[in-house]
Structures are given as structure tokens and as C-alpha cells.
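Q: Have a look at the structure that comes next, please.
The values are calculated or read from the model by the stated rules, or taken from the named source; none is laboratory data. Worth saying up front: this structure is predicted, and the values here are computed from it rather than measured. Positions of Cβ are generated from backbone atoms using ideal geometry, with glycine treated the same way; all protein chains shown enter the neighbour counts.
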């Protein structure tokens with residue numbers, strides 16, 4: 001009788017032991033699954049962050065609608081200022097100065113358009129997507145999905161902005177400056193560009209353009225900070 005009770009006790013103890021082992025295995029399995037899920041979420045988050053910071057989604061320039069504060073006066077298609085060459089992706093914004101003190105945005109736009117009348121001898125090829133005038137007016141000369149002749153070997157992946165200036169030193173009026181800040185912030189937002197996307201013509205090939213912001217590096221950095229602040233506040 002005692003032997004039977006001992007056998008029953010041992011059987012129940014073994015059963016309880018096996019039950020504890022099964023519960024322990026289930027807990028371990030659940031813990032491993034939870035850890036794997038957390039790890040996958042961390043990896044997904046890291047990849048998403050990396051894509052956002054370093055692999056920004058390209059935007060088709062043709063899909064961007066120009067705001068009503070931009071005066072659209074597209075140049076006639078011609079080999080010298082608006083060749084009609086497709087620009088499928090924009091990776092940067094290049095700032096220029098006209099180097100024609102006192103001239104207006106309209107005058108510079110008309111000059112670009114007049115280049116179509118050249119006969120090919122000693123021809124000049126120059127243009128820009130946008131021109132900002134002395135009073136802050138913004139004229140668009142070329143669609144965002146076409147190249148302009150402004151930034152040498154960066155014509156194929158940038159949008160260019162020419163800025164008028166009253167004096168030979170190239171300093172912009174306050175109205176021109178504020179419109180440039182607004183235009184650059186809008187372009188960055190619409191084209192999904194990073195804060196480092198704005199460069200000077202000088203940064204492309206060493207040309208002293210825009211002159212005032214080549215000679216005053218700290219003010220160029222201030223300008224980029226102003227664009228960042230405007231974008232954060234308004235978009």
C-alpha cells in the first residue's frame with residue numbers, strides 16, 4: 001500500500017515537473033518572440049530613419065504646382081536659353097546674382113528670351129529657372145522639369161535662382177533677400193530636399209557668384225539658417 005502511494009506521489013511529482021517545464025518553455029518561446037518583434041521594430045525604425053535622412057524620396061518636378069506669388073513668364077523654347085531638355089530629378093538649389101547692377105527681373109528675363117535670336121556665331125547660352133527682382137518680385141523663366149543654362153555641370157540636377165542687386169558689390173535688397181528665403185524654403189519643401197541642398201554657383205565651379213555671399217561666408221550661413229527657420233514656421 002505504501003509502495004502504491006509512493007508510486008502515485010512520484011507520478012504526480014513528475015507530472016507537475018513536466019507541466020512546469022512546458023510552462024517554462026512556453027514563457028521562453030514567448031520571450032524570444034517578443035524580443036524578436038522588438039528587434040524587428042528597431043530595425044524597421046532605423047531603416048525608415050536612414051531613408052528619411054539619407055535617401056529622400058525623389059519628387060517629379062513636373063508634379064510641382066507653382067504658387068500664385070510667382071509670375072510665370074516662360075521663355076520661348078530655343079537652343080540658347082531654354083533648350084527643353086528634361087530635368088527629371090532635382091537634387092539642389094543654386095543661388096546666383098545677375099552681375100548687372102540696377103537691372104530688374106523683367107529686364108533679365110527679357111534678355112534671356114532675346115538669346116533665341118542669335119545666329120550661332122559667338123552665341124551665348126545662359127538662363128535661370130527663377131529671377132528675383134529688386135522689389136522682391138519673382139519671375140519663373142523655365143519649368144521645373146526642364147534644365148536651365150546657369151550652373152555648368154550641375155544644370156542636370158539643380159534648379160537655379162538669379163537675384164537682382166542694386167550695386168556692384170552684389171548685396172541684395174531686403175525685399176530680394178526675403179523673397180529668396182521664401183522661394184528656397186518652398187522649393188525645399190515641395191521637392192523634398194534636405195537643408196544642405198542650397199548652394200552657391202561658387203560651390204559648383206568656384207565662380208564668384210553670388211559675389212556678396214562669396215565674400216561674406218558668415219552671411220551665407222545666416223541666409224541658410226533663415227531658410228530653415230522660414231520652412232519650419234510656414235510648412
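Q: From the set of residues in the stretch 206-235 that are at pLDDT 95 or above and outside any helix (DSSP H, G or I), which is farthest from residue 132 (Cα to Cα)?
A: It comes out as 206.
Q: Looking only at the stretch 146-205, which residues are more than 29 Å from residue 76 (Cβ to Cβ), in a helix (DSSP H, G or I) and modelled with pLDDT of 95 or more?
A: 174, 177, 178, 181, 185, 188, 189, 197, 202, 203
Q: Can I ask one more? Report, by residue number, each residue of the stretch 73-95 that is buried (at least 20 other Cβ atoms within 10 Å of the Cβ) and part of a strand (DSSP E or B).
A: 82, 92, 93, 94, 95
Q: Among the residues in the stretch 18-31, are any at pLDDT below 75 and either farther than 30 Å from residue 119 by Cα or assigned by TED's automatic domain parsing to the domain that holds residue 185 (or both)?
A: Yes, the stretch 18-31 has at least one match.
Q: Restrict the check to the stretch 156-169 and report whether at least one residue is farther than 18 Å from residue 67 by Cβ, touching a strand residue (DSSP E or B) at 6+ places or on another chain (Cβ under 6 Å) and either surrounded by fewer than 19 Cβ atoms within 10 Å (Cβ to Cβ) or without any contact (Cβ under 8 Å) to a residue 24 or more places away in the chain (or both).
A: no
Q: Just to be sure, is residue 65 surrounded by fewer than 12 Cβ atoms within 10 Å (Cβ to Cβ), under 27 Å from the mean Cα position of the chain (by Cα) and in a loop (DSSP other than H, G, I, E, B)? Break it down into steps so the answer makes sense when it comes.
A: Values: surrounded by fewer than 12 Cβ atoms within 10 Å (Cβ to Cβ): yes; under 27 Å from the mean Cα position of the chain (by Cα): yes; in a loop (DSSP other than H, G, I, E, B): yes.
Yes.
Q: Let me ask something additional. Looking only at the stretch 146-155, count how many residues are crowded, with 21+ Cβ neighbours inside 10 Å and over 10 Å from residue 129 (Cα atoms).
A: 1
Q: A follow-up question, please. With at pLDDT below 95 and touching a helix residue (DSSP H, G or I) at 6+ places or on another chain (Cβ under 9 Å) as the only criterion, which of 103, 88 stands out?
A: Values: 103 fails: at pLDDT below 95.
Within the list 103, 88, the selection yields 88.
Q: When the residues of the stretch 186-202 are narrowed to those that are without any contact (Cβ under 8 Å) to a residue 60 or more places away in the chain and over 14 Å from residue 222 (Cα atoms), which ends up surrounded by the most Cβ atoms within 10 Å (Cβ to Cβ)? Give the derivation first.
A: Our first condition is that a residue be without any contact (Cβ under 8 Å) to a residue 60 or more places away in the chain; within the stretch 186-202, this holds for 189, 195-196, 202.
From what's left, over 14 Å from residue 222 (Cα atoms): 189, 202.
On the way: 189: 14, 202: 20.
Per the stated criteria, the residue is 202.
Q: Something else: Taking only pairs six or more apart or across chains, which ones have beta-carbon atoms under 7 Å, a first residue in the stretch 83-98 that is farther than 19 Å from residue 220 by Cβ and in the same structural domain as residue 224 (by TED's automatic domain parsing), and a second residue that is at pLDDT below 95 and assigned to a loop (DSSP other than H, G, I, E, B)?
A: 89/58
Q: Also: Would you confirm whether or not the stretch 137-160 contains a residue that is more than 26 Å from the chain's Cα centre (by Cα) and in the same structural domain as residue 213 (by TED's automatic domain parsing)?
A: No: zero hits.
Q: Across the stretch 100-145, what is the number of residues that are touching a residue at least 40 places away in the same chain (Cβ under 8 Å), in a helix (DSSP H, G or I) and surrounded by 20 or more Cβ atoms within 10 Å (Cβ to Cβ)?
A: Adding up the residues that qualify gives 2.
Q: Separate question: In this structure, does residue 121 turn out to be closer than 19 Å to residue 183 by Cβ and assigned by TED's automatic domain parsing to the domain that holds residue 176?
A: Against the criterion (closer than 19 Å to residue 183 by Cβ and assigned by TED's automatic domain parsing to the domain that holds residue 176), residue 121 does not qualify.
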